[in-house]
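Shown next, in structure tokens, is the structure this report addresses.
The values are calculated or read from the model by the stated rules, or taken from the named source; none is laboratory data. None of these values were measured; they are calculated from a predicted model. Cβ atoms come from the backbone with ideal geometry, glycine included; neighbour counts cover every protein chain shown.
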Amino acid sequence: MLETLQRQLQVCARSLHRQQMQASDGGNLSLRLERERMLIKGSRSSFGSCTARDFVVADFDGRPTSGDSPPSKESPLHGAIYRRFSAAGAIVHCHSPYATACAAVMDELVFSTYHSEIKLKAPVRVFDTGSYAVAPEDAARIMAGYDADSPFVAFLLRAHGLVAAGKDLRQAQNIAELIEETAKIHVLSRIAG
Ligand SMILES: [Zn+2]
């Protein structure tokens, strides 16, 4: 069972890498497990070359409970999202270029297409944590702005990247890809005049 979930995360990571949504060893993906645990990318692996075994089990405070490498330093953010949103079953976090570029100059992502407005529904807000890491107090501040019953959650981190949480990995990845596409169309439309 665990191997199947690890493989799903690996496939997702490779897909995001192919789409140039994550280079190098940044970003991370996770799936909710039972008993306040999650399966999350290890800190030293990259989306482009990760193996299934690079996804390790950690508790919601980011402490490892199994696996060959330490969990991502951003594990506490994932755990905080799972604790707050009972419907969240998976989280995609990546440093995708267009969404991150928009987060540098916006307080809220401009919905550049009808599709993004219909699918994303609520505003995709930008938060500034002043660091590559999201401290527990920043995570609490971000999540306080959302209904705990939200079916999915998406926000941007200034000078960092995007976070998308959905009921499963498919939904979380779809949201992340839609945010990046929305941001890319906005940037291209500005270039086109
Ligand atoms: Zn990050």
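If you go through segment 110-153 and keep only what is without any contact (Cβ under 8 Å) to a residue 24 or more places away in the chain, basic (Lys, Arg) and touching a strand residue (DSSP E or B) at 6+ places or on another chain (Cβ under 8 Å), you end up with just Arg141.
Considering only residues in segment 21-41 that are surrounded by fewer than 22 Cβ atoms within 10 Å (Cβ to Cβ) and within 16 Å of the ligand (Cβ to nearest atom), the one that is nearest to the chain's Cα centre (by Cα) turns out to be Gly26.
Only residues that are within 13 Å of the ligand (Cβ to nearest atom), under 13 Å from Leu39 (Cα atoms) and either outside any loop (DSSP other than H, G, I, E, B) or in contact with a helix residue (DSSP H, G or I) (Cβ under 7 Å, 6 or more places away or on another chain) (or both) were counted across segment 74-98, and they come to 5. Determine whether Gly166 is under 11 Å from the mean Cα position of the chain (by Cα) and of a type outside the set (A, V, I, L, M, F, W, C). So Gly166 fits the description; yes.
Let's see how each residue does on (1) outside any helix (DSSP H, G or I); (2) modelled with pLDDT under 95:
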position: Val110; (1), (2): yes, yes
position: Ser116; (1), (2): no, yes
position: Pro123; (1), (2): yes, yes
position: Val126; (1), (2): yes, no
position: Ala139; (1), (2): no, yes
position: Asp147; (1), (2): yes, yes
position: Ala159; (1), (2): yes, no
position: Arg170; (1), (2): no, no
position: Ala176; (1), (2): no, no
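Selection of first residues in segment 88-106 that are touching a residue at least 40 places away in the same chain (Cβ under 8 Å) and of second residues that are away from the ligand (no atom under 12 Å from the Cβ) and acidic (Asp, Glu), restricted to Cβ pairs under 7 Å at least 6 apart or on distinct chains, gives the following pairs, ordered by first then second residue: Gly89/Asp168; Ala90/Asp168; Ser96/Glu180; Tyr98/Glu180; Ala99/Glu180.
The residues listed here are Ala103, Ala88; of these, the one that is in contact with a Leu (Cβ under 6 Å, 6 or more places away or on another chain) and at pLDDT 95 or above is Ala103.
Of everything listed in (1) over 30 Å from Ser189 (Cα atoms); (2) away from the ligand (no atom under 16 Å from the Cβ); (3) surrounded by 16 or more Cβ atoms within 10 Å (Cβ to Cβ), the single unmet condition for Pro71 is (2).
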